[in-house]
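The values are calculated or read from the model by the stated rules, or taken from the named source; none is laboratory data. Note that the structure is predicted; figures quoted are calculated from it, not measured. Note that each Cβ is placed from the backbone with ideal geometry, even for glycine, and that neighbours are counted across all protein chains shown. Keep in mind that these areas ignore ligands, DNA and RNA; they rest on the heavy atoms of the full protein, side chains included. Shrake-Rupley method; radii C 1.70, N 1.55, O 1.52, S 1.80 Å.
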Amino acid sequence: MPASSFFALLDDIATVLDDVAIMSKAATKKTAGVLSDDLALNAQQVSGVKADRELPVVWAVAKGSLLNKVILLPLALLISLFAPWLITPLLMIGGAYLCFEGMEKIWGLFFHPKEEQERKQKRKTVANAQELLALEKKKIRGAIRTDFILSAEIIVIALGVMSEYSFVKQCLALSFVAIGITVAVYGVVAVIVKIDDVGLFLANKASLVLQKVGAGLLWFAPQLMKMLSILGTAAMFLVGGGIWFHAIAWLHHVDHSIHATLSGWLHGNWFEGVAVSLASIVWQGLIGLIVGAIVLLIVTLIFKAMGKEH
């Protein structure tokens, strides 16, 4: 009896682990789009610090990301059990904040270029250790805050995939996905921010081939960071706009109308599917821009009413 009970227990554990693996794989696939945005945003957020402080900053943000998930996992599970109706409004608030952050960047870039330039110059000319530490802490706080919203969306999407399974299996699978995603994203971010250091190391080698590879990496690193800066800002609108898009039914109807119109025009063309997918992405980005503009206007009016400058 003890032996048969032991093997039955092993069989149960194997079944649970198998279900957890299936759920984790499905959840990772479902959240792939948000993960790519998460990667672009975090690489952008942690750039611009001193070379010897890049990895400590990435590590600090990664720890903050894990803490976010420690807070969000039980919270999401409890809300899904007792108040599932609350998930969408909370996500919409987070999405609105992301859109607001993105709109702030665009507004500053196009309508206050002088102030933006002065801010960038100030970052480059920070003199003492206290100012550098304050700038570093600000970047870390901003990255962790943004990660909180992206993590919340990833967890909610993953939870939706796992809804048919038991509570214990959901807990195990969500924990596995949360840890795996954090390690993967911040591991890649750490590699990205150190590309220029690898390039410099290779450029100083005796081998001509290694020198050329190093020179290529030194050229590539700033181009990559510029691209990630653009992608990171776009990701704010796409993620935030996507949350609002999925939450409001009539926005879906507009999307379906756009799909139907495009399919009518491009029927039979090989790029019909690509055009329809791109149109949906553009529509979600446009929603993000509108939400961001509205929130920025409200915040600016509140600051003006308080006699402060935003």
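Here are a few things to note about the model shown:
- Hull shadow area, averaged, the stretch 169-310 [alpha-carbon convex hull, nm²]: 16.2 nm²
- Subtracting the Cα-Cα distance of Lys137 and Trp265 from 0.36 nm times their residue separation leaves 40.9 nm of extension gain.
- Accessible area of Ser257 in the full protein assembly, 1.4 Å probe (Å², nearest 10): 70 Å²
- When Arg53, Arg141 are compared by accessible surface with a 1.4 Å probe, the order from highest to lowest is Arg141, Arg53.
- For Tyr97, solvent-accessible area (1.4 Å; no DNA, RNA or ligand), Å²: 70 Å²
- Sparse packing (at most 10 other Cβ atoms within 10 Å of the Cβ) combined with a DSSP loop state is found for the following chymotrypsin sites (Phe, Trp or Tyr not before Pro) in the stretch 192-286: Trp270, Phe271.
- Filter on Lys69/Lys105; Lys63/Lys137; Lys137/Lys308; Lys137/Lys304; Lys139/Lys304 - keep pairs with C-alpha separation over 20 Å: Lys69/Lys105; Lys137/Lys308; Lys137/Lys304; Lys139/Lys304
- For the set Val188, Val177, solvent exposure ranked by accessible area (probe 1.4 Å, protein chains only) runs largest to smallest as Val188, Val177.
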